[in-house]
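Peer 1: Quick one: structure below, then a few questions.
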Amino acid sequence: MIEPQVAKARSMRSDGPTRRWRIRPMGLRSRILLTFGLGSLALSLFLALATFNFTRSNLVDERTGSAIDQTYTNASRLAVDLRSNPTNIQTVLERLGADRPLVYFRGTWTGNDARFSSSVIPPSFLNAVLQNRQPTTMRIEVENELVLAVGVPIDSVDAAYFEFPSVDDVRSTLNSVNLALVLAAGITTLLGIVLGAIAASRAVRPLTAASQAAQAIAGGRLDTRLEETEDPDLAVLTSSFNDMASALQLRVERDTRFTSDVSHELRSPLMTLAASVEVMQARRDEMPERAQVALDLLVADVARFQGLVEDLLEISRFDAGGIRLNVDELLVGEFVRQAIAISSAPDTRILVAEIAEEMMIKGDRRRLARVVANLIDNGRAYGGGELEISVFVPDDEDPPSQIWITVEDHGPGVPQDERDLIFERFARGSIAGRRSGSEGAGLGLALVDEHIKLHRGRVWVEDRLDGLDGACFIIELPAERV
Amino acid sequence: MGQDVVVGTRILAVEDDERIRAAVKLALEDEGWTVDEAASGEEAAILFLRQPADVVLIDIMLPGIDGFELCRTIRRASDVPIVMVTARADTHDVVAGLEAGADDYLTKPFAPKELSARIRALLRRARPAHPAHPKLIFGDLEIIPDEGKVLRSGTELHLTKTEFRLLCELAQNPGRVFSREHLLDHVWGYGYFGDGRLVDVHIRRLRTKVESDSANPRHVVTVRGLGYRLQA
């Protein structure tokens, strides 16, 4: 029955309040890849086009030149023949032995191939040869065959001579060249993309290293540095990153040492205070009433002071990373009972599930006892009513791998938006004002959080599992069945 | 041993901070004990020779010869119970102090009530126990509880009072495995939250005395995950 509530509270906690939606800009890696891809595509297209044009004009020019030469030769021979034998043109043409000849002489067309008559010749071409008396060439397509039409005027006998040599083989050659060039362009583009991918990953690698280092530093390993590089472009990044890390480390260490030094210095006067107060307490009955009241105040605050200094010392140990756990195997039910017994409320009710009696955790018993004691102190200071502590396996997991220790009170509960905040140092939340404001140093829950993290567990607060008013602090620790 | 019968219990408090010393002295005197003060290790060593105490309280952080060195110096001359005061419980200091010969430790700042409880526990067990048998024999090892004597192959061994109590506890039920918790409770008077390292270091120290080869113990045997056992 408690399941849905737990699930709800958890999902709410994981929902960050600042979620921003926006179009993701293209990553560096993609940009490099795109640049290389497009660049190689453009370059290979340009090269292919240039090669194609060059090859084509070369081939065509060569063919055109020889065709024109041939046609001229034939035309001059025809001129001689026509003058001596102007009537029988057909015979003259056959004697010429030319390939697809066509003659215009005294208003009539004569050829020996029906496909190549005057009708296949475009009018402009015809005009240029017959009217303007200009030798002309033009590529035309006749019945799917590409031919070169060459026309030469023969002024001496007022005739014109045409030939239609085939250039179809040039076209198939050009087609092959074309195919080869397209393939080459494709391969080049692919190579460009591959190169781009390599370049991108090389370019991003130092960034990956830097981001990993930054994460390590954020995670507390302050001595993390980037490896020195000889690359002048990266050396700037590396050295400024390392400088920043050193500065940060120095500052954190100085702060930590300061906290630690202050706490150590405070311990000596505290020792004196604690011992003196005890001596006075032994003589409390001999004191006047007003002095007794003052002494009681003193005793209570010396104890509070002592707790605060101990918490500060412990916190500074966490910051310095100098915590060493004395790990023992603990039966969790027995452990929690013992921890309650030495806390400020040894009579706190505890409910241990049957299976939890056989569950074992690995932990530092004195530090974990502090955790339980701190949660009890917190519940007494800010909660209300009787505290209840339960130990059980969540979700009836089978086989069980976790144990929950819950501390529930009957107070006002913790508002949703303060549930993360109260585990921060000295952050007591707005409700602290409404509760008894003088109690609690605000380090207790921060220490609980740190200790539980060190034991690879989690701690959080939510509404009471049974739906009544009040807060429920939940510790989750890895555990196993004995 | 010389200090079995004392009119008032004498405590030597070694602490360089004058005010702490004065306040602790006041608190301990409230318990009815006589307190001698020393501000340095050198002073303490001289004072102890002139006027042996029943319990010595040593702050590890001392100018001049430090607390560890003072522990060793006193240990060479006496089996007096030593309580040391350390800065932290989770450093090597605790183990180093115990290995230097301390019987128990407290971390600063401690409540004087806690200190007197520790001192009482040490004094209680410093008196000879009343065992069922006058003489216990484990191979070459011979324990005479009434006289507080232990002999190996006929030669008397010099055990501190805590080591002797630990050995007697194990000897009470030969072959049985004693957990660290049980030993902490019965020898040091600690509950569930006692420091298991007290047992481990004292077992180690005991072995260097009762075993012919302490690296391969024959008598005081570790039972992995359970505790310790005494055998012939």
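Peer 1: What nm value, rounded to one decimal, do you get for the distance between A:Asn326 and A:Arg349 when each label is placed 7 Å out toward the C-beta?
Peer 2: Here the answer is 3.4 nm between the modelled labels.
Peer 1: While we're here: Taking only the C-alpha atoms, wrap a convex hull around the protein assembly as shown and report its volume per residue in Å³ as a whole number.
Peer 2: Details: hull volume 224.2 nm³, N = 714.
In the protein assembly as shown, the Cα hull volume divided by residue count equals 314 Å³.
Peer 1: How big is the C-alpha Rg of the range A:26-218 next to the rule-of-thumb value 2.2 N^0.38 Å, as a ratio? Provide the component values of the computation, followed by the final result.
Peer 2: Numbers: Rg = 29.4 Å, N = 193, 2.2 N^0.38 = 16.3 Å.
Here the answer is 1.81, to two decimals.
Peer 1: Only Lys, Arg, Asp and Glu count, each charged at its Cβ (+1, +1, -1, -1), so figure out the dipole size of the protein assembly as shown about its Cα centre, rounded to 20 debye.
Peer 2: That gives a dipole near 1320 debye.
Peer 1: Here's something else I'd like to know. Using +1 at the Cβ of each Lys and Arg and -1 at the Cβ of each Asp and Glu in chain A, identify which of A:Ala210, A:Ala180, A:Val407 lies farthest towards the dipole's positive end.
Peer 2: Of A:Ala210, A:Ala180, A:Val407, it is A:Ala180.
Peer 1: Can you pull the one-decimal nm distance between simple spin-label points at A:Asp155 and A:Glu386, each 7 Å off the Cα toward Cβ?
Peer 2: The answer from the label model is 13.2 nm.
Peer 1: Where does each of A:Ile121, B:Ile65 land when they are ranked from fewest to most other beta-carbon atoms within 10 angstrom?
Peer 2: The fewest-first ordering by Cβ neighbours comes to B:Ile65, A:Ile121.
Peer 1: A further question on this structure: Given A:Phe473, A:Leu43, A:Val129, which one lies farthest toward the positive end of the charge dipole of chain A, if we put +1 on the Cβ of every Lys and Arg and -1 on the Cβ of every Asp and Glu?
Peer 2: Ranked along the dipole, the leading option is A:Val129.
Peer 1: A:Ala216 to A:Arg56: extension gain in nm, 0.36 nm per residue of separation minus the Cα-Cα distance?
Peer 2: Difference between extended and current length: 51.3 nm.
Peer 1: Follow-up question, since we're still on this one. Neighbouring Cβ atoms within 10 Å as the yardstick, rank A:Ser201, A:Ser44 fewest first.
Peer 2: A:Ser201, A:Ser44
Peer 1: In deg cm²/dmol and to the nearest 500, what is the mean residue ellipticity at 222 nm of chain A if only DSSP H runs of at least 4 residues count, each as -39500 (n - 2.57), divided by the residue total?
Peer 2: Details: 11 runs with 262 residues, N = 482.
Using -39500 (n - 2.57) per qualifying helix, the result is -19000 deg cm²/dmol.
Peer 1: Here's a follow-up. May I ask you to list the trypsin sites (Lys or Arg not before Pro) in the range B:26-127 that are in a DSSP loop and have at most 16 other Cβ atoms within 10 Å of their Cβ? Walk me through the numbers before you get to the answer.
Peer 2: Details: sites: B:Arg50, B:Arg72, B:Arg75, B:Arg76, B:Arg88, B:Lys113, B:Arg118, B:Arg120, B:Arg124, B:Arg125; in loops: B:Arg88.
Hits after loop and neighbour filter: B:Arg88.
Peer 1: What's the lysine pair count for the protein assembly as shown at a Cα cut-off below 14 Å, pairs eight or more apart or interchain?
Peer 2: Final tally of qualifying lysine pairs is 6.
Peer 1: Now, a different point. Evaluate E = 1/(1 + (r/R0)^6) for B:Leu226 and B:Asp66, where r is the Cβ-Cβ distance and R0 equals 41 Å; express this FRET efficiency to the nearest 0.05.
Peer 2: 0.65
Peer 1: So for the range A:67-145, what percent of the C-alpha to C-alpha distances run longer than 23 Å?
Peer 2: Cα-Cα pairs of the range A:67-145 separated by over 23 Å account for 18 percent.
Peer 1: Right, here's the next one. What's the FRET efficiency of A:Asp417 with A:Ala294 using the Cβ-Cβ distance as r and R₀ = 51 Å, to the nearest 0.05?
Peer 2: The value I calculate is 0.80.
Peer 1: State to the nearest 20 debye the size of the charge dipole of the range A:327-481 about its Cα centre, where the only charges are +1 on K and R beta carbons and -1 on D and E beta carbons.
Peer 2: Taking the Cα centre of the range A:327-481 as origin, the dipole is about 800 debye.
Peer 1: Next question. Roughly how many whole Å is it from the C-alpha centroid of the range A:311-333 to that of the range A:187-249?
Peer 2: If we compute the Cα centre of each part, the gap is 35 Å.
Peer 1: Something else now. For the residue pair A:Met26 and B:Thr91, what label-to-label distance in nm results when each label sits 7 Å from Cα along the Cα-to-beta-carbon direction?
Peer 2: Here the modelled spin labels are 5.9 nm apart.
Peer 1: Across the range A:327-481, how large is the tail of the calculated P(r) beyond 26 Å, expressed as a percent of all Cα pairs?
Peer 2: Looking at the range A:327-481, the distances longer than 26 Å represent 20 percent of pairs.
Peer 1: Expressed in nm to one decimal, what extension gain is obtained for the pair A:Arg83 and A:Leu237 from 0.36 nm per residue of sequence separation less their Cα-Cα distance? Provide the component values of the computation, followed by the final result.
Peer 2: Values: separation 154, 0.36 × 154 = 55.44 nm, distance 9.14 nm.
Once the chain is fully extended between A:Arg83 and A:Leu237, it gains 46.3 nm.
Peer 1: Step through the residues of the range A:368-384 one at a time and calculate ³J(HN,Hα) from phi using the Karplus curve (6.51 cos²θ - 1.76 cosθ + 1.60, θ = phi - 60°), rounding each to whole Hz and writing x for Gly and Pro.
Peer 2: Residue by residue, the range A:368-384 yields 5, 5, 4, 4, 4, 4, 5, 5, 5, 4, 4, x, 5, 6, 10, x, x Hz.
Peer 1: Then there's this: So if R0 is 35 Å, what FRET efficiency would B:Lys209 and A:Ala341 give, r being the distance between their Cβ atoms, rounded to the nearest 0.05?
Peer 2: 0.45
Peer 1: In addition: For the charge dipole of the protein assembly as shown, defined by +1 on Lys and Arg C-beta atoms and -1 on Asp and Glu C-beta atoms about the Cα centroid, which residue among A:Ser76, A:Gly220, A:Ser30 has the Cα displaced farthest towards the positive pole?
Peer 2: So the residue we want is A:Ser76.
Bear in mind these aren't lab numbers, they're just calculated from the coordinates by the rules spelled out. Predicted, not measured: the structure shown is a model, and the values here were computed from it. Cβ: placed from backbone, ideal geometry, glycine included. Neighbour counts: every protein chain shown.
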